[in-house]
């Protein structure tokens, strides 16, 4: 699947890029998690890669991958923070990239997006619930 280049294009936080197919109806907590991820990746991309307004191709790919993983999370709305999750659904290389993004953008989120940062801190205290349903997986339903 070919992604359109986002270099130089400005998308507001919360608006999905055109290459991300939206779920039927995401739970508000999942949408907030997606906005937080987007804000962190934008901060990282701007500071590390010098982009203004958009994302470089590497960061756009990381964001698309992260949103896909988020949309397919078996915990759904009861999702813990990925660091506290017993299921590691990210590939090891992508997981390291997300860690680098969060290490860089985490402290800056307090100043640039204080509400998202506070919600993320609260969510990071959430413990993983045991999975329910067939094969131990719960669908990502609101």
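Using mean Cβ contacts within 10 Å as the protection proxy, how do 35-42, 68-75, 57-64 order, highest first? Walk me through the numbers before you get to the answer.
Numbers: 35-42: 21.9, 68-75: 16.4, 57-64: 18.4.
Output ranking for 35-42, 68-75, 57-64: 35-42, 57-64, 68-75.
Can you sort 96, 31 from fewest to most other Cβ atoms within 10 Å of each residue's own Cβ? Walk me through the numbers before you get to the answer.
Working: 96 11, 31 16.
With the fewest neighbours first, 96, 31 line up as 96, 31.
Please report, in cubic angstrom per residue, the volume enclosed by the convex hull of the alpha-carbon atoms of the stretch 28-136. Walk me through the numbers before you get to the answer.
On the way: hull volume 11.0 nm³, N = 109.
So the per-residue Cα hull volume is 101 Å³.
None of the figures in this text is laboratory data; all of them are computed from the coordinates on show. Just so it is clear, the model here is predicted, and its values are computed rather than measured. Note that we place each Cβ from the backbone using ideal geometry, even for glycine, and neighbour counts take in every protein chain shown.
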